[in-house]
1. For segment A:161-178, which residues satisfy the criterion of being closer than 20 Å to A:Val72 by Cβ and either buried (at least 17 other Cβ atoms within 10 Å of the Cβ) or free of Cβ contacts under 8 Å to residues at least 24 places away in the same chain (or both)?
2. Just to be sure before I move on: is B:Lys76 more than 16 Å from ligand 1 (Cβ to nearest atom) and within 14 Å of another protein chain (Cβ to nearest Cβ) in the structure I sent?
3. Could you check how many residues of segment B:143-164 are more than 16 Å from ligand 1 (Cβ to nearest atom), away from chain A (no Cβ under 12 Å) and open to solvent by 10 Å² or more (accessible area, probe 1.4 Å)?
4. Filter segment B:79-93 down to residues that are within 7 Å of chain A (Cβ to nearest Cβ) and more than 19 Å from B:Glu158 (Cα to Cα) and give me whichever is farthest from the chain's Cα centre (by Cα).
5. Condition test on A:Ala112, is it on the phi < 0 side of the Ramachandran plot and surrounded by fewer than 20 Cβ atoms within 10 Å (Cβ to Cβ)?
6. Filtering segment B:188-214 down to residues that are basic (Lys, Arg) and more than 16 Å from ligand 2 (Cβ to nearest atom), which residue is least open to solvent (accessible area, probe 1.4 Å)?
7. State yes or no: is A:Val38 within 13 Å of the chain's Cα centre (by Cα) and exposed (fewer than 14 other Cβ atoms within 10 Å of the Cβ)?
Amino acid sequence: MAIGQFDPHLFLKILPDLAYGALVTLKFSILSTLFGLVIGTVFGIFRIVKNPVLNAISMAYVEVIRGTPLLVQIMIVYYGLPQAGITLPPDISGVLALSINSGAYIAEIIRAGIQSVPKGQMEAARSLGMTYVQAMRYVVLPQAFRNILPALGNEFIALIKDSSLLSVIAIAELTRVGMQIYAVTFNAWTPLLGVALFYLMMTLPLSRLVDYAQRRIGGHESA
Amino acid sequence: MSLLEIIDLHKKFGNLHVLKGINMEVDRGEVVVIIGPSGSGKSTLLRCINRLEEPTKGKVILDGVEITDPKVDINKIRQRIGIVFQQFNLFSHLTALENITLPLRVVKKIPKEEAERIAMRFLKKVGLEDKASHYPHQLSGGQQQRVAIARALAMNPEVMLFDEVTSALDPELVKEVLDVMRQLARDGMTMIVVTHEMGFAREVGDRVIFMDKGKIVEEGTPEEIFTNPKHERTRKFLSMIL
Ligand SMILES: Nc1ncnc2c1ncn2[C@@H]1O[C@H](COP(=O)(O)OP(=O)(O)OP(=O)(O)O)[C@@H](O)[C@H]1O
Ligand SMILES: [Mg+2]
């Protein structure tokens, strides 16, 4: 066999397990992106409002998260919080850690997205009697989201890959499933190639979609 | 009593003193044209009237209500003061129709169907009922500006502010926008118009105000200002642009 000890028989046998692991990975990535989107929108807006305290809080959050490894963040949530009296099931810890992590990256994306909307849009909305919140919600954010859709897609792709770190807290996502098969069969190549394949099957179509979205937005930019 | 009264209005940006004590009154149905060199503070004055810029000092009084009072609900007041900008500022993710219905629904809480009826009425008024479902990037500059005017009018304001609304347009598109404004003046709308279109100022303006360096230098009927300006600075400005 050319590649290590790739075993086609074993491969077929473990496909359902890997597929299940991939679903778990997808579930964690989707949930964390959604929560991350909420956190990111809030902190992205905190960054641009005229309030030094909120600005500082948002900046600190983003810097801390971006400046520390995701693995450490996951372990702090999983091992640290219980010692502070907060015990969460692994699933919740996993989503929490990933959401806090992606929230910081998405906050930066949202901030850039809001700043990409011309100032005149907010002014026109305010001049018609909309409150700041209404103008944000109905005028600025929809345009910001349209502009940052590709960046959000990339963030989602990154999260699919990064969620493999959840394997350290015993969440049965794709990577952990692969490792467990290895531990039982002592065959590394078969499960790990399978794992890689499943990651690719999730990320490749998404990358295509992001490319497509990028081209479309670039295609009809308007003033 | 005049509809709009501005008393000793000042605006500073940091150390830059942009408005230095503006006093003016605008009567109901009056069309006041403001002219003046670039940087004289015309836009800032308009933007202070609906508090897109906060005045540093002074008062703006609309129909007896001091709107520069910090206690006043500015979002309520802004519904009564329409403004149209040089850069149109149509909401680029919405169709022409939705540009008009959005503020009606969000601000005035008018139900969808009725908001659409109102929007169509104003699109018709500016001659664009057939463009209702077009997005801004599918419209010419002149058409965008007419939608912007319709959007402001649909809120049923008592006074309309126009800030060089034809300056960003190709020359052949200027007329269609001025025609809409002309009609509006004829219908009795109270208007404050900042413009470089002297022909329009002459024809439509009831009064012309010449501003320079943050102050009103002189004001009068179009006749007085254009044929017989009293101040040297006014004469100089007019000779430069006429
Ligand atoms: N937000 C701001 N911050 C700082 N300075 C400003 C701001 N807005 C306007 N200014 C300054 O105030 C002065 C007056 O500007 P304004 O736009 O009111 O002039 P204008 O008469 O409308 O000129 P134009 O004919 O070019 O439109 C200018 O020097 C301008 O640079
Ligand atoms: Mg100006």
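The values are calculated or read from the model by the stated rules, or taken from the named source; none is laboratory data. Remember, it's a predicted structure, so these values are computed and weren't measured experimentally. Note that each Cβ is placed from the backbone with ideal geometry, even for glycine, and that neighbours are counted across all protein chains shown. What goes into the accessible areas is simple: the full protein's heavy atoms, side chains included, and nothing from ligands, DNA or RNA. Shrake-Rupley method; radii C 1.70, N 1.55, O 1.52, S 1.80 Å.
1. Within segment A:161-178, the first condition is being closer than 20 Å to A:Val72 by Cβ, and the residues that meet it are A:161-171, A:173, A:175-176.
Correct list: A:Asp162, A:Ser163, A:Ser164, A:Leu165, A:Leu166, A:Ser167, A:Ile169, A:Ile171, A:Glu173, A:Thr175, A:Arg176.
2. Values: more than 16 Å from ligand 1 (Cβ to nearest atom): yes; within 14 Å of another protein chain (Cβ to nearest Cβ): yes.
Judged against the criteria, B:Lys76 is a match.
3. Residues in segment B:143-164 being more than 16 Å from ligand 1 (Cβ to nearest atom), away from chain A (no Cβ under 12 Å) and open to solvent by 10 Å² or more (accessible area, probe 1.4 Å): 3 in total.
4. Initially, segment B:79-93 is screened for residues within 7 Å of chain A (Cβ to nearest Cβ), giving B:79, B:83, B:85, B:87, B:89, B:91-93.
Filter once more, keeping what is more than 19 Å from B:Glu158 (Cα to Cα): B:87, B:89, B:91-93.
Details: B:Gln87: 13, B:Asn89: 13, B:Phe91: 18, B:Ser92: 21, B:His93: 24 Å.
Ranking the qualifying residues of segment B:79-93, first place goes to B:His93.
5. Working: on the phi < 0 side of the Ramachandran plot: yes; surrounded by fewer than 20 Cβ atoms within 10 Å (Cβ to Cβ): yes.
Considered against the rule, which asks whether it is on the phi < 0 side of the Ramachandran plot and surrounded by fewer than 20 Cβ atoms within 10 Å (Cβ to Cβ), A:Ala112 comes out as yes.
6. To start, the set of residues in segment B:188-214 that are basic (Lys, Arg) comprises B:202, B:207, B:213.
With the extra rule that they be more than 16 Å from ligand 2 (Cβ to nearest atom), the set shrinks to B:202, B:207.
Details: B:Arg202: 110, B:Arg207: 41 Å².
The extreme case among them is B:Arg207.
7. Details: within 13 Å of the chain's Cα centre (by Cα): yes; exposed (fewer than 14 other Cβ atoms within 10 Å of the Cβ): yes.
Yes; evaluated as a whole, the condition is true for this residue.
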